[in-house]
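Heads up, the thing below is written out as structure tokens.
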Amino acid sequence: MAWNYSAKTMQLFNEAVHGQPGTHLGEIAEPDGLGEHGSIACGDALRFTFKAERNNDPLKDVIVEVKYLTFGCTSAIAASEALCRLIEAKRLTPIESLAITNQDIVNYLDGLPEQKIHCSVMGAEALQAAVFNWAQKRGVNLNALGIDINREEQSAGRIVCQCFTLTEPYIKRKIKELNLHSIPEITAAIKAGGACMTCHHAPGGLQNLLDEVWGKQPDNDLLPILPAAPKETEPSSSPFQFAKKIEKLLDEYLRPMVQKDGGDLELIDIKDTAVYVELRGACAGCAGAGQTLKYLIERTLKEKVDERIRVIQV
């Protein structure tokens, strides 16, 4: 799937990857502030570093150089580049830089596809982590200034989204901050629920958190909830019937689930209990493709058709 990026997004991306003067891809040695957000395992990770011009009063330190390293896609690089330019252009102090939101980054890029909003959130979160690191080094008490960066949320609290290791406190805070009212909006903003999807409606899952924050609303999802995949109770009497059951589940249940996030899949072949599929669209180059295959497609086919099934990507 070709994402509909703005001209500004493509400009910043191309300038950064080609190392043009004034771009910020890289890492500062011995930075005054260092922050990270995301996970290499899930395909999106950002390391943000900055140098500050020091003042006798640390609150008057000014950020004079910023750089980033990201393991993300076009939008992750462009969003990181936008964040750096926003900071340097205004000669902000670390505290002032916290006023930059993910929406400011999106606006600077003249918009991002809904499924890529999480890239702008990743930059804002990495910036917060870097400012927290700077404050520790400079002896600045952020709590005394009324600033709560919530760094413990990524490691403390119940894990709701196992695929991306996102905790209940973090997800609930982002639901409030970003005014998220549906599971698709949560996935677009912070990726929670974007791989195996089992946390969508599980007890204590994303829907429950939405209900806790906003109150229970019957029609909370922007997209309809797919019915449970039918369970095949009769054993296959022939390879043909076995294949037809798999095709039915793929076409009527699994394909719609990946399509709503911009992906697609195609059944290529079936040999005994080995099912060969090709991921397409947004899923084709996604670092979470392995999780989609294992935790969504293979697990569903094992549960609904035959526990011996193995799904193999081609």
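The values are calculated or read from the model by the stated rules, or taken from the named source; none is laboratory data. Given the structure is predicted, the values throughout are model-derived calculations rather than measurements. Because the Cβ atoms are built from the backbone with ideal geometry, glycine has one as well, and the counts that use them run over all protein chains shown.
Report the residue count in the range 189-220 for those that are loosely packed, with under 12 Cβ neighbours inside 10 Å and at pLDDT below 55.
Total meeting the criteria: 1.
Could you count how many residues in the range 159-174 are within 14 Å of the chain's Cα centre (by Cα) and part of a helix (DSSP H, G or I)?
3
Just a yes or no: is a residue in the range 221-231 surrounded by fewer than 18 Cβ atoms within 10 Å (Cβ to Cβ), at pLDDT 75 or above and farther than 30 Å from ASN4 by Cβ?
no
If you take the residues in the range 83-103 that are part of a helix (DSSP H, G or I) and under 18 Å from the mean Cα position of the chain (by Cα), which one is surrounded by the fewest Cβ atoms within 10 Å (Cβ to Cβ)?
Just the residues of the range 83-103 that are part of a helix (DSSP H, G or I), to begin with: 83-90, 94-97, 102-103.
With the extra rule that they be under 18 Å from the mean Cα position of the chain (by Cα), the set shrinks to 83, 102-103.
Working: LEU83: 27, ASN102: 25, GLN103: 13.
Going through the qualifying residues, I end up with GLN103.
Out of curiosity, is PHE164 of a type in the set (Phe, Trp, Tyr) and either in contact with a Ser or Thr (Cβ under 6 Å, 6 or more places away or on another chain) or surrounded by 23 or more Cβ atoms within 10 Å (Cβ to Cβ) (or both)?
Working: of a type in the set (Phe, Trp, Tyr): yes; either in contact with a Ser or Thr (Cβ under 6 Å, 6 or more places away or on another chain) or surrounded by 23 or more Cβ atoms within 10 Å (Cβ to Cβ) (or both): yes.
In short, yes.
Does the range 48-63 contain any residue that is of a type in the set (Phe, Trp, Tyr) and within 19 Å of ALA189 (Cβ to Cβ)? Lay out the reasoning, then the answer.
Initially, the range 48-63 is screened for residues of a type in the set (Phe, Trp, Tyr), giving 48, 50.
Narrowing further to those that are within 19 Å of ALA189 (Cβ to Cβ): 48.
Within the range 48-63, one or more residues are of a type in the set (Phe, Trp, Tyr) and within 19 Å of ALA189 (Cβ to Cβ).
Within the range 53-82, can you find the residues that are over 13 Å from ASP32 (Cα atoms), in a strand (DSSP E or B) and among the aliphatic types (A, V, I, L, M)?
Scanning the range 53-82 gives a single hit, LEU69.
If I filter the range 54-76 for residues that are out of contact with any strand residue (DSSP E or B) (no Cβ under 6 Å at 6 or more places or on another chain) and surrounded by 21 or more Cβ atoms within 10 Å (Cβ to Cβ), do I get at least one hit?
Checking the range 54-76: at least one residue is out of contact with any strand residue (DSSP E or B) (no Cβ under 6 Å at 6 or more places or on another chain) and surrounded by 21 or more Cβ atoms within 10 Å (Cβ to Cβ).
Looking at (1) at pLDDT 95 or above; (2) part of a strand (DSSP E or B), find the lone condition where LEU46 falls short.
For LEU46, the exception is condition (1).
Name the pairs whose Cβ atoms lie under 9 Å apart, with the first residue in the range 267-281 and outside any strand (DSSP E or B), the second surrounded by 12 or more Cβ atoms within 10 Å (Cβ to Cβ), and 6 or more positions between them or separate chains?
Listed pairs, sorted by first residue: THR273/PHE242; THR273/ASP306; THR273/ILE309; THR273/ARG310.
Which ones in the range 109-123 are under 13 Å from the mean Cα position of the chain (by Cα) and buried (at least 20 other Cβ atoms within 10 Å of the Cβ)?
GLN115, LYS116, ILE117, HIS118, CYS119, SER120, VAL121, MET122, GLY123
Please specify each residue of the range 113-132 satisfying the condition of being over 21 Å from LYS51 (Cβ atoms) and in a helix (DSSP H, G or I).
GLU114, GLN115, LYS116, ILE117, HIS118, CYS119, SER120, VAL121, MET122
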